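Read-outs throughout are calculated quantities, based only on the coordinates presented, and are distinct from any laboratory measurement. What you are looking at is a predicted structure, and each value in this text was computed from that prediction instead of being measured. All Cβ positions, even for glycine, are placed from backbone atoms using ideal geometry, and neighbour counts span all protein chains on display.
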Amino acid sequence: MNIVKIYLRGANFSIRSWQLVTLLYLVHTLLSLVLVLPFYSAMKDTIGPSMALENFHKSFQFTAWTEFTRDFSQKMQVFAGIIGYALLFSLFVQVFLKGGILAMIREDYARFTIKRFAEACGIWFMRFLQVSLMVLLLHLVLAFLIWLPASLILQHQFTLTLTGQSLIRTALIALTLHFVLGSLVFLFGEYTRYILFVSGTKGVFRAFRKAVVLVLKKIYLVYPLFLLLLVNGILLSLAWFFLQKVTGFGTGFTLLFLVLMQQAVFWLRNMLRLWLTASQFYLYSKFPTPLIT
Amino acid sequence: MKNILLLLFFLTVTQAIYGQAALSPRIASYDIRVELDTEKHVLTGTALLNWTNPSADTVGELRFHLYMNAFKNSRSTFMKESGSRFRGTKAKEDPEAWGWIDITRLSLPGGADLTSSIRYIQPDDGNPFDQTVISVPLTEPVFPGKKLRAEIDFTTKLPKILARTGYSGDFYLVAQWFPKLGVYEPAGMRGNEKGRWNCHQFHANSEFYADFGVYRVSITLPPEYRVGATGVRIDSVMNADSNQVLTYLAEDVVDFAWTASPRFEVFNDRWNQVSVHLMIQPENAGQAGRYLHAVKSAMDYFAEALEPYPYPSITVVDPPLHGIQAGGMEYPMFITAGTVAGMPERVRIPESLTIHEFGHNYFMGILATHEGEEAWMDEGMNSYFESKIMDHVYGEQRSVYDFPRFHAGSAENQRLGYTGMSNPRIAPPARFSWEFPHGGYSPLSYNKAATLLFTLENLVGRPTMQEIMKTYYRLWKFKHPCGQDFIHVVNEVVRKNHGTRFGENMNWFFDQVLFGSGICDYKMASVHVNRIRPPAGIEEVGENKVTYRNIEYSEELYENRVIIHRLGDVVMPLEVKIDFDDGSSVTEYWDGKEETWEYRHEGTRRVVRAVLDPENKILLDLNRQNNSYTLQPRQGTIRNWAVNFLFILQHLFHIMAIFLA
Ligand SMILES: [Zn+2]
């Protein structure tokens, strides 16, 4: 099976898996709605019977916006706290779903039922949680290792720079480094899960070591998949900006159109992610000879 | 011999070029020769002071500012008032970082050496460690109208820039660097009952007040340095040590500052007869056009609004980022702005800084009000003009930030700076700059003062306000007006144009918002619409008792009530616009005095919405969101925001899942 076929097969799987995509879409959306609904009613409460925000569809108004956000900011502080917990909670949910997703991919979606899906989720949850925590820790360490020296350099440069050009350069270098190494951490985590899932390796650490070797050895094969994930995000954002330009600041029917478009975009994003996950998984498990033996 | 010839030539040329009639009373003039040691960051110089006693008093004492001593140690009043602002700097460990000024000799032409009688005084706060003002008792007093000549040798160690002045690397911003005479205010000037020295210490928030004079300054420094300064360069020679000696002449100014750096790129331009110099960091050269456009736009505007810029030159300095604390400063004919690499064209910070600092030439420089005692007349009026110019040149509501979906204007920014204060009642804007409670100086002296002038303009109308400013400037340029002088002009012009429409005078306005600390907030409290039911019960009709039940209205009738509350203590006259369901509307006028006001209307029409101050004239109103009330709310905007928030959250969760799960 060559690499193009792997992508095609991944695409084929994701298209057939509309139920799974919808499930993932719904989980994200429900989590978000839990935050958005009180947010909306707090906004409604803040504005009350005032007409201050009525002309926003014509043009942005800094004064009205500032006065509104000032009133609203206290309520927002509560939200900021809740968002943190919601992110944590959603992390658990996402980790939980991963086992099910991989099971569906492995079984090529042959027998999708919520029950089978949930079972697989349960089986892999604890091990995948360990992987996620490890990845999180690595991301934190990485950020520390890059930004501690970077901030020292920036501080020093600030005492010499004429215009800040050198600071911008340093920050860009640090960001690029962070991006490249961060994407490797992401790939390590992803392949650790595949190794655990496919090869039956018991220990998370051993699987992680194997994943590191695999990713570094076959970087030319695994990295393009990661880049595709990025390209997806960028393309969807571009499409999104274009749509917003067309609809403008939607209210009424244009807002309805906007919502439908937004949700379609997000649904599509879930599907594209499934495509790449499936492709990555096939690359690992079904490549002419499996990537690692 | 050569020197004498040179001097003669010099005098003839300057007389020919600059010998026009004096614009100002030249009370304190200086002839300074100074040398900059770029290794030690030390200035050594001699100043010849020519002072005329402007009063009817016999003056037996001189007072000088030695402002560089504010940077001498952490016990100076400036450092104490600045509080934690400079705590992060390395000044404490590095002796090179501090700055000071010593007078090594002060003598009069008769030979009297007054050096030993110099003593430090602290007229503002009695802080014994503050050495920013000296008193020099004279052996012979100066009689009314008589002149005094003094010769002063001084040494100034420049500090590492932490505010306004000093050095950073090879960049120098040399301000408040020489012994500067205070102002002897005669009786009657600025409300004084009798003559007195007005010579305040160097404070965290303010520094400018001085007499007009002619400054002739010769600066000696290494040849690779590029120099910009107050005034016009009238001579440039090399001395025997291969250093350059640059001579500047500035007439009718209140101060002299200069900058030097070997790195500056210099752009020269013109505005009418005025030469415009921009001294910019080479890496910022791409932004030169932005600076030059801003300063020339400001000159255009002031020429129309007040009078054309009266000096022959203006120098704009773009300081390096490592010395950015010297940015955003104003000196006569010489200002510093500031930017960074990659500053987006749509963020007009360099422009607004340039326009603001240039404007000070009119307020601190030409009107020469007292920045320390009445900052609102300098920073406030100047901020008002800054916003008018920004919004005029770059567009209302988009002059500062100008992105398609996020933009803000300068005037609204001023207002929000004031209304966003955690306690807007903390002080009135009219107060000595060092007496503002912590954090109150800037939002009250700049933002509230500018906003109250905008409110005044909206009340009396733009033509009247333009006449006020023009008249004030014409009457008071080069004369150090005080607040009452301005208010007097306001009262005269408003009465001439509007009679008693706003009362006997406008004092009620200034008493509340300038000398008072009260807040203004009107709230559209509620709108009620009730159907009027036909009356019930019994009524006499002739001999008969009839029940009301039998009476029917031919149409539905409604009782409409619109209720406004005054939440603040400040009273302003208001318009109230009320819209009805049949598309008609009425505008009512309310003097705003009572705590509450009610509009009633009975008829077939129903009120749908009501707005107080519909034209947004009362910009001092702290909260405009509560100025309107609708019975048909449109939730489009917040629905849009909620929908977008949902979309953002979905992606946030999704991205987190990609990286962690
Ligand atoms: Zn200013």
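Exposed loop sites are taken as trypsin sites (Lys or Arg not before Pro) in a DSSP loop (any state but H, G, I, E or B) with at most 15 other beta carbon atoms within 10 Å; the longest stretch of chain A without one runs A:203-293. Measuring between their Cα centroids, the range B:159-211 and the range A:21-51 lie 57 Å from each other.
Place a label point 7 angstrom from the Cα of B:Arg425 along the Cα-to-Cβ direction, then list the residues of the range B:570-606 whose backbone nitrogen is under 13 Å away. Backbone N within reach: B:570. Taking every Cα-Cα distance in the protein assembly as shown and sorting them into 20 Å bins from zero, the calculated P(r) comes out as 11, 33, 29, 20, 7, 1, 0 percent. Treating each Cα of the range A:32-185 as one equal point scatterer and applying the Debye formula with no solvent, the log10 of I(q)/I(0) at q = 0.09, 0.13, 0.15, 0.20 Å⁻¹ comes out as -0.63, -0.98, -1.00, -1.10.
Among A:Leu140, A:Leu229, A:Leu129, whose mean-square fluctuation peaks in a Gaussian network model of chain A (Cα, cutoff 10 Å)? Top of the fluctuation ranking is A:Leu140. Between B:Ala56 and B:Phe502, the simple spin-label model (points 7 angstrom out along Cα→Cβ) gives 3.5 nm. Which of these, A:His139, A:His156, A:His57, has the largest mean-square fluctuation under a Gaussian network model of chain A (Cα springs below 10 Å)? Result for chain A, Cα springs under 10 Å: A:His156 fluctuates most. Remark: the B:Lys593-B:Thr115 segment gains 165.9 nm on full extension, using 0.36 nm per residue and subtracting the alpha carbon distance. Estimated purely from DSSP H runs of n ≥ 4, each contributing -39500 (n - 2.57), the mean residue ellipticity at 222 nm for chain B is -7500 deg cm²/dmol once divided by its residues. Taking θ as phi - 60° and the Karplus parameters 6.51, -1.76 and 1.60, the scalar couplings of the range B:406-414 work out to 8, 8, 8, x, 6, 4, 5, 5, 4 Hz in sequence order, x denoting glycine and proline.
Where does the Debye-calculated log10 I(q)/I(0) of chain A sit at q = 0.07, 0.09, 0.11, 0.13 Å⁻¹, using only Cα point scatterers of equal weight, no solvent? Here log10 of I(q) over I(0) equals -0.37, -0.61, -0.88, -1.13. Measuring nothing but how far apart in sequence close Cα pairs (under 8 Å, 6+ apart) lie, relative to its length, chain A scores a relative contact order of 30 percent. Potential lengthening of the chain between B:Tyr548 and B:His565 amounts to 2.4 nm, from the contour at 0.36 nm per residue minus the alpha-carbon distance.
With a simple spin-label model that places each label point 7 Å from the Cα along the Cα-to-Cβ direction, the separation between B:His528 and B:Leu138 comes to 7.5 nm. In chain B, the sites counted are GluC sites (Glu not before Pro) in DSSP loop states with at most 12 other Cβ atoms within 10 Å, and the longest stretch holding none of them, exclusive of the sites, is B:346-503. In summary, the aspartates and glutamates within cross-link reach of B:Lys180, defined as a Cα separation below 15 angstrom excluding same-chain residues under 8 places away, comprise B:Asp31, B:Glu61, B:Asp102, B:Glu151, B:Asp153, B:Glu207, B:Asp211, B:Asp255.
Taking amide H atoms as placed 1.01 Å from N in the peptide plane, the amide H of B:Ser218 lies under 5 Å from those of B:Ile32, B:Arg33, B:Val34, B:Tyr248, each 5 or more residues away in sequence or on another chain.
For the range B:453-528, the list of trypsin sites (Lys or Arg not before Pro) that fall in a loop by DSSP and count at most 11 other C-beta atoms within 10 angstrom reads B:Arg501.
Summarising the amide proton neighbourhood of B:Val245: residues at separation of 5 or more, or on other chains, whose placed amide H is nearer than 5 Å comprise B:Val237, B:Met238, B:Asn239. Distant-in-sequence amide contacts of B:Arg196, defined by a placed amide H-H separation under 5 Å and a gap of 5 or more residues or a different chain, comprise B:Glu185. Got the relative contact order for the range B:263-339 handy, in percent, Cα pairs under 8 Å and 6 or more residues apart? 27 percent.
Along the axis of the charge dipole computed for the range B:384-513 (Cβ charges of +1 for Lys and Arg, -1 for Asp and Glu, origin at the Cα centre), the listed residues B:Asn423, B:Phe406, B:Phe478 are led at the positive end by B:Phe478. The trypsin sites (Lys or Arg not before Pro) of the range B:385-469 that DSSP puts in a loop, and whose beta carbon has at most 10 other beta carbons within 10 Å, are B:Arg405. Straight-line reach from B:Lys523: which lysines have a Cα under 21 Å away, not including same-chain ones fewer than 8 places off? Partners within reach: A:Lys44, B:Lys448, B:Lys577, B:Lys593, B:Lys617. Here is the list for the range B:574-661: trypsin sites (Lys or Arg not before Pro) lying in DSSP coil, each with at most 12 other C-beta atoms within 10 angstrom of its C-beta, are B:Lys593. Calculate the length of the line joining the C-alpha centroid of the range B:566-635 to that of the range B:249-273, in whole Å. Computed from Cα coordinates, the inter-centre distance equals 52 Å. A simple spin-label model places pseudo-atoms 7 Å from Cα toward Cβ; at A:Asn12 and A:Ile153 they are separated by 4.8 nm. Along the range B:200-217 the Karplus relation, 6.51 cos²θ - 1.76 cosθ + 1.60 evaluated at θ = phi - 60°, assigns HN-Hα couplings of 8, 5, 7, 10, 5, 9, 8, 8, 9, 5, 7, 7, 6, x, 10, 10, 10, 10 Hz to successive residues, with x for each Gly and Pro. Each residue of the range A:46-61 was assigned a 3J(HN,Hα) from its phi angle through the Karplus curve 6.51 cos²θ - 1.76 cosθ + 1.60 (θ = phi - 60°); the sequence is 5, 7, x, x, 5, 9, 4, 9, 5, 9, 5, 5, 7, 6, 4, 10 Hz, with glycine and proline shown as x.
If a/c stays under 1.5 just call it rounded; otherwise compare a/b with b/c (prolate if a/b is bigger, oblate if not). Do that for the range B:384-513, with a ≥ b ≥ c from the square roots of the Cα gyration tensor eigenvalues. Oblate.
Across the range A:152-245, the relative contact order, built from alpha-carbon pairs under 8 Å that are at least six residues apart, equals 19 percent. A Förster radius of 56 Å, combined with the Cβ-Cβ distance separating A:Ser199 from A:Leu160, puts the computed FRET efficiency at roughly 0.55. For B:Lys593, neighbours were defined as the other residues whose beta-carbon sits under 13 Å from its Cβ, and their charges (Lys and Arg +1, Asp and Glu -1) total -3. Within the listed set A:Leu145, A:Leu196, A:Leu184, the Gaussian network model of chain A (springs between alpha-carbon atoms below 10 Å) gives the highest mean-square fluctuation for A:Leu145. The equivalent ellipsoid that matches the C-alpha gyration tensor of chain B spans semi-axes of 57, 30, 23 angstrom, in descending order.
Taking each residue as 0.36 nm, the span from A:Asn55 to A:Ile234 lengthens on full extension beyond its C-alpha to C-alpha distance by 61.3 nm.
If you plug the beta carbon distance of A:Lys75 and B:Val586 into 1/(1 + (r/R0)^6) with R0 = 30 Å, you get a FRET efficiency near 0.25.
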